[in-house]
């Protein structure tokens, strides 16, 4: 499968992309995080920490037990990159309500270090309607900052001033005779849905009917996570699965 490469697009540095939501300036990062410079806030969605251990506990599927460490270290790099003073995790941060209880002491220590000297907000999701005190930080069902609403699941219909996760957006692109499928940001200038950040999270094609209640048949923009950057792509090139 062809990976998105900057030289193919004659690009030099596309590690980040400007993204606007209701006139507020954000920076999309190739990691899948969203940074708000005006509030020094980093936003991520759907970490699904301890997904591997949840599957192992049920005995339904054996997954590599390193997903939590990989996700935390990726998040730590993004926090350092932007020097974020606030972190907002938009729900499904843990794969289930007991996720934080299953975290190893080493991974919990990494999380605690990341939380030092900054505000940390857990937004609850459908996978983690409750988050144990062991996880640290503050817990909210949703939060409003400067007129923007941060929640886990996007409201259906023509909602504005919203940043959410839940849908795990992914785009399938046909380019130069090749096809690739990657996680992506999707927005229309009035609302934005973030890609899933977790190491073991899949993605739902943005042309799937699940996105119709959110964006309808309106025009939207897509920023696709690539090997070396974050790339805006023409929607006419997108393909269903």
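Which condition breaks for residue 104 when tested against (1) more than 16 Å from residue 48 (Cα to Cα); (2) surrounded by fewer than 16 Cβ atoms within 10 Å (Cβ to Cβ); (3) touching a helix residue (DSSP H, G or I) at 6+ places or on another chain (Cβ under 9 Å)?
If we test residue 104 against (1) more than 16 Å from residue 48 (Cα to Cα); (2) surrounded by fewer than 16 Cβ atoms within 10 Å (Cβ to Cβ); (3) touching a helix residue (DSSP H, G or I) at 6+ places or on another chain (Cβ under 9 Å), just (1) comes out false.
Exactly one condition in (1) surrounded by fewer than 18 Cβ atoms within 10 Å (Cβ to Cβ); (2) modelled with pLDDT under 95; (3) in contact with a strand residue (DSSP E or B) (Cβ under 7 Å, 6 or more places away or on another chain) is false for residue 117; which is it?
Failed condition: (3).
Given (1) under 26 Å from residue 171 (Cα atoms); (2) modelled with pLDDT of 95 or more; (3) surrounded by 20 or more Cβ atoms within 10 Å (Cβ to Cβ), where does residue 95 come up short, assuming only one miss?
With respect to (1) under 26 Å from residue 171 (Cα atoms); (2) modelled with pLDDT of 95 or more; (3) surrounded by 20 or more Cβ atoms within 10 Å (Cβ to Cβ), residue 95 is out only on (2).
Please work out which one of (1) modelled with pLDDT under 95; (2) loosely packed, with under 15 Cβ neighbours inside 10 Å; (3) in contact with a strand residue (DSSP E or B) (Cβ under 8 Å, 6 or more places away or on another chain) is the condition residue 234 fails and give its number.
Unmet condition: (3).
Could you list, in sequence order, the residues of the stretch 79-88 that are closer than 20 Å to residue 166 by Cβ and in contact with a helix residue (DSSP H, G or I) (Cβ under 9 Å, 6 or more places away or on another chain)?
Hit for the stretch 79-88 is 87, nothing else.
Would you please name the residue that is surrounded by the most Cβ atoms within 10 Å (Cβ to Cβ), looking only at residues in the stretch 191-213 that are touching a strand residue (DSSP E or B) at 6+ places or on another chain (Cβ under 7 Å) and over 29 Å from residue 53 (Cβ atoms)?
Among residues in the stretch 191-213 that are touching a strand residue (DSSP E or B) at 6+ places or on another chain (Cβ under 7 Å) and over 29 Å from residue 53 (Cβ atoms), the one surrounded by the most Cβ atoms within 10 Å (Cβ to Cβ) is 192.
The values are calculated or read from the model by the stated rules, or taken from the named source; none is laboratory data. Keep in mind the model is a prediction, meaning the values are calculated, not measured. Quick reminder, even Gly has a Cβ in these numbers, built from the backbone with ideal geometry, and neighbours come from all protein chains shown.
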